[in-house]
Amino acid sequence: MRKTAIFCFVYFVVPLALAGQQAKTTDGWDAWRFLVGEWTAEGGGAPGRGMGTFSFHFDLDGRILVRNNRVDYPATKDRPAFSHQDLMVIYAEGRGTSTRAIYFDNEGHVIHYTAEFSQDRNSWTFLSDAVPSAPRFRLAYTRSKNGMLTAKFEISPPGKPDSFSTYVEGTARRKKGP
């Protein structure tokens, strides 16, 4: 009898408990799922015209969403070609009461964001924390009716945390499957 109870516990109760725990790790991410996948993008702004790729994927058993981004800018008469690369980790903070993100790039920037999506789940906005002596940043993705994304990265000057101007913007298309 004892062996049967242990068998039932190990083969039925534990897997059900783990499945329930795994389901909890992805709660709250439904509105973000559209972004998951690989994207190709092009656009321009202050640094010039560029083309690149980015991807969103879940990691750490669905507890974080990771964005990897690379944009290549061709040489111009004023500067050599260069690449911008960044990594952003999106995570639930405070028992899932808010969504935050931290951003790192190959230029040495580290930006802390509050992340949220619109009620219609067609736009996602990352707003950096306001620091009086530093610029403030806003990154927004908007889904269009054809399944593409528009992206806009804006900067506000120090001391004017809500005076944003566009630094770069572009469009992205989901890459075809394998």
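The values are calculated or read from the model by the stated rules, or taken from the named source; none is laboratory data. Remember, predicted model here, so these are calculated numbers, not experimental data. Counting neighbours? That spans all protein chains shown, and the Cβs are built from the backbone with ideal geometry, glycine included.
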So which pairs qualify, if the first residue must be in region 41-69 and closer than 26 Å to Thr99 by Cβ, the second must be modelled with pLDDT under 90 and not aromatic (Phe, Trp, Tyr), the Cβ gap must be under 6 Å, and the two must be at least 6 apart or on different chains? Asp61/Thr25; Gly62/Thr25; Gly62/Thr26; Arg63/Thr25
Members of region 63-122 found to be of a type in the set (Phe, Trp, Tyr) and buried (at least 16 other Cβ atoms within 10 Å of the Cβ), listed by number: Tyr73, Tyr91, Tyr103, Tyr113, Phe117
Taking the stated definitions as given, is Ala92 touching a Pro at 6+ places or on another chain (Cβ under 6 Å) and over 18 Å from Gly37 (Cβ atoms)? no
Of all residues being crowded, with 16+ Cβ neighbours inside 10 Å and closer than 21 Å to Asn69 by Cβ in region 157-170, which is farthest from the chain's Cα centre (by Cα)? Just the residue, please. Phe164
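Yes/no matrix, rows are residues, columns are (1) under 24 Å from the mean Cα position of the chain (by Cα); (2) modelled with pLDDT of 95 or more; (3) assigned to a strand (DSSP E or B):
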position: Phe9; (1), (2), (3): no, no, no
position: Gln22; (1), (2), (3): yes, no, no
position: Trp32; (1), (2), (3): yes, no, no
position: Asp61; (1), (2), (3): yes, no, no
position: Asn68; (1), (2), (3): yes, yes, yes
Can you tell me which residues in region 151-168 are more than 17 Å from Leu35 (Cβ to Cβ) and in contact with a Gly (Cβ under 7 Å, 6 or more places away or on another chain)? Thr166, Tyr167, Val168
Can you say whether Met148 is closer than 24 Å to Glu38 by Cα and either at pLDDT below 95 or surrounded by fewer than 16 Cβ atoms within 10 Å (Cβ to Cβ) (or both), as far as the supplied structure shows? yes
For region 45-59, give me each residue that is closer than 15 Å to Ala151 by Cα and assigned to a strand (DSSP E or B). Gly45, Arg49, Gly50, Met51, Gly52, Thr53, Phe54, Ser55, Phe56
